Amino acid sequence: MARPRKFDEDDVVDAARRQFSRTGFHGTSVDDLSRATGLSKGSLYGAFGDKAALFHRVFDEYCTASDHSAAARVEGPEDQALDRLREWLRSPEGGHDRLGCLLAKGTAELAFEDEAVAARSLAAFEALFDSCRRLVEQAQRAGHVDPAADPAVLGGVVVTTHRGLEALSKAGVDAATLNRIADATIDGIALAPARPQVQGPRSRTSPRRAAPGEPGTSRRPRSPRGRQEAPGVPPA
């Protein structure tokens with residue numbers, strides 16, 4: 001009969017998340033995880049498998065939490081949709097988590113070599129794009145955003161800005177600066193008119209020359225010698 005575990009699995013996963021967020025997957029050793037979680041390497045292997053299996057567990061739970069948060073932001077009055085987007089972009093009061101976003105870090109480090117990470121990160125980003133698009137649609141119905149604007153594009157602007165702000169936050173840019181950028185982004189969306197459809201370039205081909213005698217021609221008939229005579233002057 002297996003002995004009951006003497007640790008809280010959620011606490012271990014959270015400690016592992018912070019370690020992976022700090023040093024990345026490749027920069028984290030099993031010894032690092034052992035120190036961070038307080039478990040022996042044997043206990044870690046017994047409970048979670050190898051380092052990759054533990055990372056997949058941590059990454060999936062992080063992405064699931066992101067999915068739930070994205071869905072929750074859509075709920076609420078439509079006339080407050082832009083406020084909810086603004087709140088998501090603005091830095092938390094009192095500073096930042098300098099560890100950064102594990103979704104962004106894991107994607108950048110592993111998406112090209114780990115199919116599971118690539119698939120899970122894509123699903124998480126799609127959930128973010130979808131929630132922001134729906135919030136822009138709410139703001140359009142509330143009269144706060146041009147109804148002719150593309151909500152998917154504007155939602156993508158918000159997601160992209162959030163990714164950039166997260167990176168700047170991790171680099172140590174102050175909260176006031178980041179918040180001004182966040183506010184400018186939302187204010188710009190609220191004022192942005194729909195862009196007109198861009199037409200293809202006009203043909204640069206010269207217009208067809210009218211034949212002599214056709215309406216609209218300005219050419220005078222040539223003389224039998226091929227010269228163009230002045231009006232009223234008989235040919236020589």
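The values are calculated or read from the model by the stated rules, or taken from the named source; none is laboratory data. What you see is a predicted model; the values in this text were computed from it and never measured. With ideal geometry, Cβ positions are generated from the backbone for all residues, glycine too; neighbour counts draw on all protein chains shown.
If I filter the stretch 62-82 down to residues being part of a helix (DSSP H, G or I) and among the small types (Gly, Ala, Ser), which single residue comes out as farthest from residue 34 (Cα to Cα)?
Looking at the filtered set, the residue picked out is 81.
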Meets criteria (under 33 Å from the mean Cα position of the chain (by Cα), surrounded by fewer than 16 Cβ atoms within 10 Å (Cβ to Cβ), assigned to a helix (DSSP H, G or I) and not small (Gly, Ala, Ser)) for residue 31: no
Test: residue 126 is at pLDDT 95 or above and out of contact with any helix residue (DSSP H, G or I) (no Cβ under 9 Å at 6 or more places or on another chain): yes
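Pick out the one residue from 7, 59 that is in contact with a Gly (Cβ under 9 Å, 6 or more places away or on another chain) and assigned to a loop (DSSP other than H, G, I, E, B).
Selected residue: 7, the only one of 7, 59 that is in contact with a Gly (Cβ under 9 Å, 6 or more places away or on another chain) and assigned to a loop (DSSP other than H, G, I, E, B).
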In the stretch 159-196, residue surrounded by the fewest Cβ atoms within 10 Å (Cβ to Cβ) [restricted to those that are of a type in the set (Val, Ile, Thr) and in contact with a helix residue (DSSP H, G or I) (Cβ under 6 Å, 6 or more places away or on another chain)]: 159
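Pull up the stretch 87-103, narrow it to residues that are surrounded by fewer than 17 Cβ atoms within 10 Å (Cβ to Cβ) and on the phi < 0 side of the Ramachandran plot, then point me to the one that is modelled with the lowest pLDDT.
Only one residue fits best here, namely 93.
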When residues of the stretch 110-158 are limited to those that are more than 18 Å from residue 76 (Cα to Cα) and β-branched (Val, Ile, Thr), the one surrounded by the fewest Cβ atoms within 10 Å (Cβ to Cβ): 153
Some residue of the stretch 42-64 being modelled with pLDDT under 95, touching a Lys or Arg at 6+ places or on another chain (Cβ under 8 Å) and at positive phi: no
Residue, farthest from the chain's Cα centre (by Cα), within the stretch 57-83, restricted to residues that are crowded, with 19+ Cβ neighbours inside 10 Å and not hydroxyl-bearing (Ser, Thr, Tyr): 58
Residue list for the stretch 15-28, restricted to those being over 17 Å from residue 57 (Cβ atoms) and either touching a helix residue (DSSP H, G or I) at 6+ places or on another chain (Cβ under 8 Å) or not small (Gly, Ala, Ser) (or both): 22, 23, 26
Some residue of the stretch 99-116 being under 21 Å from residue 186 (Cα atoms) and under 18 Å from the mean Cα position of the chain (by Cα): no
Selection count where residues are among the acidic types (Asp, Glu) and free of Cβ contacts under 8 Å to residues at least 24 places away in the same chain, scope the stretch 55-79: 1
Residue, surrounded by the most Cβ atoms within 10 Å (Cβ to Cβ), within the stretch 19-28, restricted to residues that are in a helix (DSSP H, G or I) and either modelled with pLDDT of 95 or more or among the acidic types (Asp, Glu) (or both): 20
Number of the condition not met by residue 113 [criteria: (1) touching a helix residue (DSSP H, G or I) at 6+ places or on another chain (Cβ under 9 Å); (2) outside any helix (DSSP H, G or I); (3) over 17 Å from residue 85 (Cα atoms)]: (1)
